[in-house]
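Presented below is the structure to which this report refers.
The values are calculated or read from the model by the stated rules, or taken from the named source; none is laboratory data. Owing to the predicted nature of the structure, the values given are computational and were not obtained by experimental measurement. Glycine gets a Cβ as well: all are built from the backbone with ideal geometry, and neighbour counts include every protein chain shown.
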Amino acid sequence: MQLSSIRSPEDLKTLSYPELAELAGEIRDFVVQAVSETGGHLGSNLGAVELTLALHRVFESPKDAILWDTGHQAYVHKIVTGRQDDFVTLRQGGGLSGYPNREESQHDWIENSHASTVLSYAYGLAIARDTGVDPRRHIVAVIGDGSMTGGMAYEALNNLGHSKRRVIVILNDNGRSYAPTISNLTESRADLADRSERNEVTLPERLTEKLAHAYTSIRLNPVYVRRQRRIEQFLREIPVVGEQAERGVEAFKAAVREFLQPPSFFEALGCRYVGPIDGHNLAELEPALRNAVALSAEGPIVVHVLTEKGRGYPPAEDDDEKHLHDAPVFDPSVGPPKAVPTGYTQAFADAVLKEAEADARVVAITAAMPGPTGLLPFQNRFPDRFFDVGIAEQHAVTAAAGMAMGGLRPVVALYSTFLSRAWDQVLYDVALHRLPVVFCLDRAGITGDDGPSHHGIYDMALLSKVPGMRVLAPSSAQEVQQMLHDALALADDGPVMIRYPKGAARQVTEHEVGTGLRARRSRSGDDSVCILAVGKMLAAAERAADTLAAEGAPVTVWDVRSCAPLDQSMLDDAARHRIVVTVEDGIREGGIGMIIADLLVSHRSPELARPYVEVLGVPNVFIPQAKPDTILRRLGLDADGIAATVRRLLDA
């Protein structure tokens, strides 16, 4: 067993290639077993095994900074940097994070795992190194799993090329993000592989592929580079025609690159490009990385590495949708069950199909997440009305604005935490133009296992401040369907946002569903206490009310439903109570409860002392990973916590 002897990157450097191949197999078995027990990201890590081993054999972390974009592909990095024994606590409260974590290890740099950011981090670190502030030798940025579809990556790449900073970029190209990558960078490769399986690849194409690999080997050779520079210098110094001769050679080289290596656009941005390299062949990977170190002396270099997401585990390799990008707890001998939408996501999936059937203007847009947002059925039913733009939320929102300008009814389905990346576009490209765009935000509120970067707690506080934006929060599956139907009509006057949580959804009768922008009273009490609950918090508020009623303290409960604008009839009813408690699973400061408190306190009659308003919500801190119910209980946002708050206020 090789794996048991690996406690630091240094332990890798004495192993032979046969021993490394054995280790790679053991690591894959270890990752499958670990994820099967805790849930987590699987496919991307199975595909990055050899690449991670090569990086840690060639570079000296943390003396060299190895930065991971989409940090869910860093499990193997964690294993070889001394955290193997901690995987029993993966993604558990107080346990090992599912992403790089600066508090866990000096080998970790980037924590949030919001994609397409690593090249900007690398640029900044390179400046710190070059100004003598930071002792880093090499800056290595691993980007992949679809992250090169994000616009921020191209902004940084352009800046790197212009500045000639010494950064080594590893493009881990597995052809996918969560779903197949939406990018011309991988489309030609995928088409060639598909036709190769059907024996449809022509002889010229096979020869071109071999030439491309040979050309890559030549261009990775530092001796070739030095000779090339001398030739360029010689040509430049030829009297009269020197400049033209040098340009002619450059044009010829560019033509060869364009023919053999279509991704040569990297070089147009000032970044040397080499590849593609077989990302599962250590004997090919390591020399390529070492040569990249030498070549990086002249500026940034992109090493294009081809890997297979889910490699080595048949259930992942056979998963056409996502190659087991992520998985719940499962039996490793058979693999996880096929992922299907559940709860609120399933309610949205059903609702958007129904609305699209009734209105040909309805189109659906997502950013590399068609499966998790419930849009696969829509894609299958309306392929010409479905648009996956890749990991590009800013583009998704402004593209939706353009579609709306053209007369369509765009429904933009994103995770709540990712919409914040497109705040400027929501505000100025959609809302300023009063466009009929409906935002459907999944994973809103406390999400749990993925930690602070994935909690969707800022959406209501942000979007309720957007002029003309209607913000809706459903408390049941049936409310999701009603709200989407209403939103498409409300959109005539501007954008609408619907936010709903991860997990199971309440099922209610038709008598427990509201309409439009009106709130709904779900419990009637005396004039002592009124609870105003937002979205999924209604269930906890109702349980708290039932407990309090059994204790002889009947309280009124409202399902807020419309967070912006707020229903005036609900506010009027709340104002007649002595105590009002607002409950939301969003950020407390600046949230919906604070808005309600301001309205109730500032507009009450001077002669009235009531009501006193208590605002319950998520504090303004980064919430670490744990199960959602555990986090909500700690924050006092469960039924017991709400009831305890009411008792305290009644006793005051």
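When the range 352-375 is limited to residues that are within 18 Å of Gln481 (Cα to Cα) and within 13 Å of the chain's Cα centre (by Cα), the one that is modelled with the highest pLDDT turns out to be Thr373.
Applying the condition of being farther than 16 Å from Ala48 by Cβ and modelled with pLDDT of 90 or more to the range 273-287 and asking which residue is surrounded by the most Cβ atoms within 10 Å (Cβ to Cβ) yields Pro287.
Just to be sure, is Thr307 under 30 Å from Ala141 (Cα atoms), assigned by TED's automatic domain parsing to the domain that holds Gln92 and of a type in the set (Ser, Thr, Tyr)? Against the criterion (under 30 Å from Ala141 (Cα atoms), assigned by TED's automatic domain parsing to the domain that holds Gln92 and of a type in the set (Ser, Thr, Tyr)), Thr307 qualifies.
For the range 43-63, the criterion of a residue being farther than 21 Å from Arg137 by Cβ and of a type in the set (Phe, Trp, Tyr) is satisfied by no position. When the residues of the range 404-425 are narrowed to those that are more than 19 Å from Phe348 (Cβ to Cβ) and not small (Gly, Ala, Ser), which ends up farthest from the chain's Cα centre (by Cα)? So the residue we want is Met405. All of (1) surrounded by 17 or more Cβ atoms within 10 Å (Cβ to Cβ); (2) closer than 21 Å to Ile592 by Cβ; (3) among the small types (Gly, Ala, Ser) hold for Gly516 with one exception: (1). Check the range 403-411 and report whether any residue there is among the basic types (Lys, Arg) and assigned to a strand (DSSP E or B). Within the range 403-411 (the criterion being among the basic types (Lys, Arg) and assigned to a strand (DSSP E or B)), the answer is yes, since at least one residue qualifies. In this entry, Gly144 is excluded by the filter for residues that are farther than 30 Å from Gln2 by Cα and not polar (S, T, N, Q).
To keep it simple, each residue is scored yes or no on (1) outside the structural domain of Ala399 (by TED's automatic domain parsing); (2) in contact with a Phe, Trp or Tyr (Cβ under 7 Å, 6 or more places away or on another chain).
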position	(1), (2)
Leu282	yes, yes
Val293	yes, no
Gly312	yes, no
Pro377	no, no
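Out of (1) touching a His at 6+ places or on another chain (Cβ under 6 Å); (2) within 22 Å of Ala491 (Cβ to Cβ); (3) buried (at least 24 other Cβ atoms within 10 Å of the Cβ), what's the single condition that is false for Val389? Every listed condition holds for Val389 apart from (3). Of all residues in the range 348-369, those that are in the same structural domain as Ala422 (by TED's automatic domain parsing) and free of Cβ contacts under 8 Å to residues at least 60 places away in the same chain have Cβ atoms under 8 Å from Cβ atoms of residues that are part of a strand (DSSP E or B) and of a type in the set (Gly, Ala, Ser), 6 or more apart or on another chain, in Ala356/Ala364; Ala364/Ala413; Ile365/Ala413; Thr366/Ala413.
Restricting the first member to the range 46-57 and to residues that are under 11 Å from Ala24 (Cα atoms), and the second to residues that are part of a helix (DSSP H, G or I) and of a type in the set (Phe, Trp, Tyr), no beta-carbon pair is closer than 8 Å while six or more apart or on different chains.
Hey, can you tell me all the residues within the range 617-647 that are surrounded by fewer than 18 Cβ atoms within 10 Å (Cβ to Cβ) and within 15 Å of Pro554 (Cα to Cα)? Residues satisfying the conditions are Ala644, Arg647. The condition (being modelled with pLDDT of 95 or more, outside the structural domain of Pro624 (by TED's automatic domain parsing), of a type in the set (Asp, Glu) and within 24 Å of Ala115 (Cα to Cα)) is satisfied by just one residue among Asp449, Asp493, Asp486, Asp442: Asp442.
The strands (runs of 3 or more DSSP E) found wholly in the range 550-634 and carrying at least 3 residues that are in contact with a helix residue (DSSP H, G or I) (Cβ under 8 Å, 6 or more places away or on another chain) and closer than 21 Å to Ala519 by Cα occupy 556-559, 579-587, 612-618.
Of the residues making up the range 437-455, those that are surrounded by 24 or more Cβ atoms within 10 Å (Cβ to Cβ) and either among the hydroxyl-bearing types (Ser, Thr, Tyr) or touching a strand residue (DSSP E or B) at 6+ places or on another chain (Cβ under 6 Å) (or both) are Val437, Val438, Phe439, Cys440, Leu441, Asp442, Arg443, Ala444, Gly445, Ile446, Thr447. With respect to being modelled with pLDDT of 95 or more and within 30 Å of Leu324 (Cβ to Cβ), Val397 fits the description.
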